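Novice: Handing you a structure now.
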Amino acid sequence: MELLKNTFLFRLFDKDKLLFGVIVVYIFGVLYHIRYQREEFPFFLYGMYSLKEPPKETYNTYSIQVDGQEIKYGKLRDAQRELITSTLENAVPLLVEHKLSATDESNFKTWLMKYCLDMRMAGDSKMDIFKLSCNYDSVGQVRVLKKELVYSYVAK
């Protein structure tokens, strides 16, 4: 019993019974959610990051080249990489299917060019966007099966 008197919850029970009750209810709530595999902020379960992804024959991704030099996503900060890749995955299909107005298409291309140039600290340039069809070989290395030009943009 002497060991328990030095714990945070025991001291909290002596000082503030209402706050103690709130924390204990919260702890039991989290344990309940863990038991039934629900996500509970700020505790995220392992299952949140380990859902099985069904294997595909090929995967599509996008590559950006500015003045013939490919932007290496691995060298970008996570936020930069996520902004570029998620934007391309959502915007390129709209560009290909001509579902954007000419103004929106021009604004998107201008924004992407300026964003890429800001990362490289370069001036006016030419940007090429490629759609890559890839798969994994037997040792887990990425193999590019097809590389097709989606569009080119020249900064003005």
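The values are calculated or read from the model by the stated rules, or taken from the named source; none is laboratory data. A quick note: this is a predicted structure, and the numbers were derived from the prediction, not measured. Ideal geometry is used to build each Cβ from the backbone, glycine not excepted, and the neighbour counts take in all protein chains shown.
Novice: Inspect the stretch 112-133 for any residue being modelled with pLDDT of 90 or more and among the hydroxyl-bearing types (Ser, Thr, Tyr) and give the result as yes or no.
Specialist: yes
Novice: Turning to a different aspect of this structure: Identify, from the list Cys116, Cys134, the residue that is in contact (Cβ under 8 Å) with a residue 60 or more places away in the chain and either assigned to a helix (DSSP H, G or I) or surrounded by 13 or more Cβ atoms within 10 Å (Cβ to Cβ) (or both).
Specialist: Cys134
Novice: May I pose another question? Those residues that are more than 17 Å from Leu149 (Cα to Cα) and modelled with pLDDT of 90 or more, I need them from the stretch 88-101; list them, please.
Specialist: Hits for the stretch 88-101 are Lys99, Ser101.
Novice: Looking at Glu2, Glu57, Glu53, Glu39 in this structure, which one is at pLDDT below 90 and within 30 Å of Met127 (Cα to Cα)?
Specialist: One residue alone meets the criteria, Glu57.
Novice: Right, something else. Restricted to the stretch 134-156, and to residues that are among the hydrophobic types (A, V, I, L, M, F, W, C) and under 21 Å from the mean Cα position of the chain (by Cα), which residue is modelled with the highest pLDDT?
Specialist: Cys134
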